[in-house]
Amino acid sequence: MKFRGRVWKFGPDIDTDRIIPARYLNTSDPAELAKHCMEDADPEFVAKMRPGDIILADKNFGCGSSREHAPIAIKAAGVSCVIARSFARIFYRNAFNMGLPIFECPEAFDGIEEGDEVEVDAGTGRIRNLTRGTEFRAAPIPPFMQELIADGGLMAHIAKRAGKG
Amino acid sequence: MTITEKILAAHAGLDRVEPGQIVSVKVDVALGNDITAPIAIREFRRIGAERVFDRSRVVLVPDHFAPNKDIASAEQCKVLREFAREQDLDHYFETGEMGVEHALLPEQGIVVPGDVVIGADSHTCTYGALGAFSTGVGSTDLAAAMVTGEAWFKVPESIKFVYRGELPPWVEGKDLILYTIGLIGVDGALYRAMEFTGPVIERLGMDDRLTMANMAIEAGGKNGIIAPDATTRAYVEGRAKRPPVYYRSDPDARYAEVIEIDVGRIRPQVAFPHLPSNTRAIDDVGEVPIDQVVIGSCTNGRIEDLRRAARVLREQRVAKYVRCIVIPATQEIYRQAMREGLLEVFLDAGCAVSTPTCGPCLGGHMGILAKGERAVATTNRNFVGRMGHPESEVYLASPSVAAASAVKGRIASPEEVVA
Ligand code: SF4
C-alpha cells in the first residue's frame, strides 16, 4: 500500500490536547472530531489540508493522554499517514490498534519541508520525497503489529481468534 | 529480573521475560471512564461480544465530565451506566460514590500489589505506587481486554531512579517527580519502566508515592513502579478486595540506566507552560501573577494533599480577584477532610470546594480559563489549552505551593505565607 500527499510539518512533543483538545471530547463521532483535528497546534490545519496529505512531526508525537480520539481525528480528517522522529507509546499503540498508518523515521524530519510531495510505501517503509528526489527509510514494523494490521486492527484480530469474524 | 519483568512474566505464565519480548498477559483489572469507555463499548458490540470476561474486573468510572456537564456528556455517561447495568459490573461508580478514578481504585482496594492493570486513561500508571504493573492504553485495547481478559505488551526496559538524602522542608512527592521530569525530559523514559527506589522513597507516605507514579507518563514512561514495603502493606490491609502479591526487583536485575538523585538541594518546583518538563525552582520563578488555583486531580487530590493545602491556607485569605478551587478526589477523601476541619479552612479562606470530578484538570468544567488567564494547578499537564482557552497558561506545582500562590495572587513559596 502506498500513500501520497503534501506534507504538513509540526514540531516536537505535539501532545494529544493539541491534536484534539479535551473541550471536544464530549463526543466520539469521527466526523465531529475531524473538524477540530490539530486545532491547538495550527487552527487553520483542517481548512488547508487535502485528503491524503501527510503529517510529519519531530520527536514524541502524540504524547499525553490515552484518548483514541487523537488518531481518530487525524484519520477522519483524511490524513493518509503520520511520519515522526518518534511517537509517544500510547499513541503508537492506538494508531496500530485502529488502523492509522504511522512511520517512525529519525531522518525524514530534516529532509522534508512543508508542502513537499511525499510518497510512503507501507510495505517496505520507503519514504520518497518527490519534490526533492530524496529517500528515507522508516523503522520496520514488528511482526506482531504486522499481524494486527493484516487482520484489520486489534478487534478484528480478536474476533478472528474467537471465530466470530 | 526487575519487579516489572517479574509481574509481566507471572501474568504471561512464563518463568522469565526479557526487555523487548512481546507477551500476552492476563489482566487483573481493566478500567474505562466516560471519555474512553464509550468507544470501547462500541468496539465491544461491533465484534458481537456479549459478556465481559469477568464482571468483577471491568471497572467503569464516569469522572471526567461528571456530574454531567452538558447533554453530550450526559449521553456518554449514560452509555457507561447502561453497559454496567447490562453486564452487572461490580465496580461502576455513580455520581455520589464516584471519585477521580486513579484515587478511587487504590482507595477501594480494587487494585492490589502484584496486579497487571490496564486503563483507557494515561494516568493508569498511578497504581505502580502499590507495586503493580499498571499502564494506560487506548479504548481499543480496553475493548479487547473486556472481551478476552488479556492484553499484549512489549516488555519494557527499566530505568532505576535512586533518591538519597534528606527531604528539605516543603519538598513533596510532587516536587520530586517534577524535578525528575525536568531532569530527563518529557520523553526521557519513552517506552520504559521508571522504578523509583532509595531511602527517600522508603520514607515517603503512600499519597506521595501515588503522586510520583502518576506522573511517570509525563516522562513518556510505560509505567512507574515502587517496590511494596511496610508502608504499602499498611495501606493495603483492610482495603484489598483480592489477595496482594508482593514482588521486588532482584539484586542482579538489569537496568537500561541508573539515575541517582540527591534530594537535599531540591527546592519546591514549578513547571512552566507548556510542558511538565519545563521546571524551575520556586526561587527562580520571578513575578507571575495568577487568576486561578486548582487543588485536586489524580495527582494531588488525596487527603495528605488537602492537609498540606490547609496548612498554608489556615487563617489566610485567597487574594482578591483570584479563584481557588479545591476538589477532593473521592467521597472518602471529602468526608475525611470534613472530619478534620479542612473544608472549614478552605471555606474560611474563600475557596470553592467541589464534589469529586476531573473537572478543570483537562479543561472539562468547574474552572475553565479565559484567554490570557493563568492558573497554578496541582494537576499533571500544562499543555497548550489544557485548562481552557488555547492562550491561557497552566503552571504545575505541589499543593503547598498552589495554596501559597492563592494567598499571594502570584506564584509563591509556602515559606512566604507560613512562618
Ligand atoms: S484528574 Fe486529570 S489527569 Fe487525572 S484522570 Fe482526571 S483528567 Fe486525567
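For segment A:68-83, state which residues have at least 50 Å² less accessible area in the presence of all protein chains than in their chain by itself, taking the probe as 1.4 Å and leaving out ligands, DNA and RNA.
So the qualifying set is A:Glu68.
Could you tell me what percent of the DSSP beta bridges with both partners in the protein assembly as shown are antiparallel, to the nearest 5?
30
What residues does segment B:97-141 have that are buried by at least 20 Å² of accessible area in the full protein assembly compared to the chain on its own, 1.4 angstrom probe?
In segment B:97-141, residues shielded by partner chains: B:Ser122, B:Gly136, B:Val137, B:Gly138, B:Thr140, B:Asp141.
Are there GluC sites (Glu not before Pro) in segment B:266-325 that DSSP marks as loop and that have at most 10 other Cβ atoms within 10 Å, and which are they?
Listed in order of number, the matching sites are B:Glu287, B:Glu315.
With a 1.4 Å probe and every protein chain left in place, tell me how much accessible area A:His36 has, in Å² to the nearest 10.
Here the accessible area works out near 30 Å².
Give the long-range amide H neighbours of B:Arg192: residues separated by 5 or more places, or on another chain, with amide H under 5 Å away, using H modelled in the peptide plane at 1.01 Å from N.
Those lying under 5 Å, H to H, from B:Arg192 are B:Lys222.
In peptide B:378-390, what is the residue-averaged number of other protein chain Cβ atoms found within 10 Å of each Cβ?
Mean partner-chain Cβ count within 10 Å for B:378-390: 5.
So what's the back-of-envelope 222 nm ellipticity for chain A, counting only DSSP H runs of four-plus at -39500 (n - 2.57) apiece and dividing by all residues, rounded to 500?
Counting only the DSSP helices, I get -8000 deg cm²/dmol.
Looking only at chain A, where both bridge partners belong to it, what percent of the DSSP beta bridges are antiparallel (to the nearest 5)?
Bridges in chain A that DSSP calls antiparallel: roughly 50 percent.
Note down the magnitude of the dipole of segment B:360-419 about its Cα centre, charges +1 on Lys and Arg C-beta and -1 on Asp and Glu C-beta and zero elsewhere, to the nearest 20 debye.
Roughly 120 debye, rounded to the nearest 20.
Can you order the peptides B:204-215, B:5-16 by their average number of other Cβ atoms within 10 Å per residue, highest first?
Ranked from most to least packed, the peptides come out as B:204-215, B:5-16.
Report the accessible area of B:Val111, computed with a 1.4 Å probe over the heavy atoms of all protein chains in place, in Å² rounded to the nearest 10.
Accessible area, nearest 10 Å²: 0 Å².
Quantify, in whole percent, the carbon and sulfur part of the accessible surface of segment B:31-173 (1.4 Å probe; protein heavy atoms only).
46
What are the principal axis extents of the Cα atoms in chain A, in Å, biggest first?
In descending order, the Cα extents are 48, 38, 24 Å.
Taking each residue of B:67-78 in turn, how many C-beta atoms of other protein chains fall within 10 Å of its C-beta, and what is the average?
Partner-chain Cβ atoms within 10 Å, mean over residues of B:67-78: 2.
Given a 1.4 angstrom probe, what's the average accessible area per residue across segment B:206-327, in square angstrom?
Value returned for segment B:206-327: 43 Å² of accessible area per residue.
Collect residues whose amide H, placed 1.01 Å from N in the peptide plane, falls under 5 Å from the amide H of A:Phe10; neighbours closer than 5 in sequence don't count.
The list, which skips near neighbours in sequence, is A:Leu56, A:Ala57, A:Asp58.
Let me make sure I get this right: for segment A:28-69, a, b and c are the square roots of the gyration tensor eigenvalues over alpha carbons, sorted descending. Under 1.5 in a/c it's rounded, otherwise prolate if a/b > b/c, else oblate. Which is it?
Here segment A:28-69 falls in the oblate category.
Let me know the shape class of segment B:1-133, please: from the alpha-carbon gyration tensor, a ≥ b ≥ c as square roots of the eigenvalues, rounded when a/c is under 1.5, otherwise prolate if a/b is greater than b/c, or oblate.
Prolate.
Taking both sides together, what accessible area is buried at the A/B interface, probe 1.4 Å, expressed in Å² and rounded to the nearest 100?
In total, chains A and B hide about 3700 Å² from solvent.
Tell me the label-point distance for the pair B:Arg46, B:Arg248, using the 7 Å Cα-to-Cβ offset, in nm and rounded to one decimal.
Output for this residue pair reads 4.6 nm.
When a/c is below 1.5 the answer is rounded, else prolate if a/b is larger than b/c, else oblate, so apply that to chain B with a ≥ b ≥ c taken from the square roots of the Cα gyration tensor eigenvalues.
Judged from the Cα gyration tensor, chain B comes out oblate (a/c at least 1.5, b/c at or above a/b).
Describe numerically, in nm with one decimal, the distance between label points set 7 Å from Cα along Cα→Cβ at B:Val288 and at B:Arg164.
It works out to 3.2 nm between the two label points.
Write down the Å³ per residue value for the convex hull defined by the alpha carbon atoms of segment B:263-419.
102
Which residues, if any, in segment A:143-163 lose at least 30 square angstrom of accessible heavy-atom surface (probe 1.4 Å) when the other protein chains sit next to their chain rather than the chain being alone?
With the partner chains in place, segment A:143-163 has these residues losing at least 30 Å²: A:Phe144, A:Leu154, A:Met155, A:Ile158, A:Arg161.
Per residue, how large is the accessible surface of segment B:46-160? Use a 1.4 angstrom probe and give square angstrom.
28
How are the alpha carbon pair distances in the protein assembly as shown distributed across 10 Å bins from zero to the largest one, expressed in percent?
Reading upward from the zero bin: 4, 18, 29, 28, 16, 4, 0, 0.
Hey, got the Cα dimensions of segment A:113-165 along the principal axes, in Å, largest first?
The Cα atoms of segment A:113-165 stretch 48, 19, 13 Å along the principal axes, largest first.
In nm, give the distance between the simple-model label positions of B:Arg16 and B:Arg81, each being 7 Å from the Cα along the Cα-to-Cβ direction.
5.3
Please enumerate, by chain and number, the lysines with C-alpha under 17 Å from the C-alpha of B:Lys222, excluding those fewer than 8 residues away in the same chain.
Qualifying lysines at Cα under 17 Å: A:Lys59, B:Lys6, B:Lys154, B:Lys160.
Whats the longest run of chain A with zero GluC sites (Glu not before Pro) that are DSSP loop and have at most 16 other Cβ atoms within 10 Å?
Result, exposed sites excluded: A:45-106.
As an exercise, identify the chymotrypsin sites (Phe, Trp or Tyr not before Pro) in segment B:316-419 lying in DSSP coil whose Cβ has no more than 10 other Cβ atoms within 10 Å.
B:Tyr321
Using a 10 Å cut-off on Cβ to Cβ distances, tally the other chain neighbours for every residue of A:92-104 and report the average as a whole number.
If you average over the peptide's residues, the count of other-chain Cβ atoms is 3.
What GluC sites (Glu not before Pro) in segment B:319-382 are in a loop by DSSP, with at most 16 other Cβ atoms within 10 Å of the Cβ?
B:Glu340
The values are calculated or read from the model by the stated rules, or taken from the named source; none is laboratory data. Everything quoted here is computed from the prediction, not taken from an experiment. Note: ideal-geometry Cβ built from the backbone for every residue, glycine included; neighbour counts use all protein chains shown. In case anyone asks, the SASA skips ligands and DNA or RNA and just uses the protein heavy atoms, side chains included. Shrake-Rupley method; radii C 1.70, N 1.55, O 1.52, S 1.80 Å.
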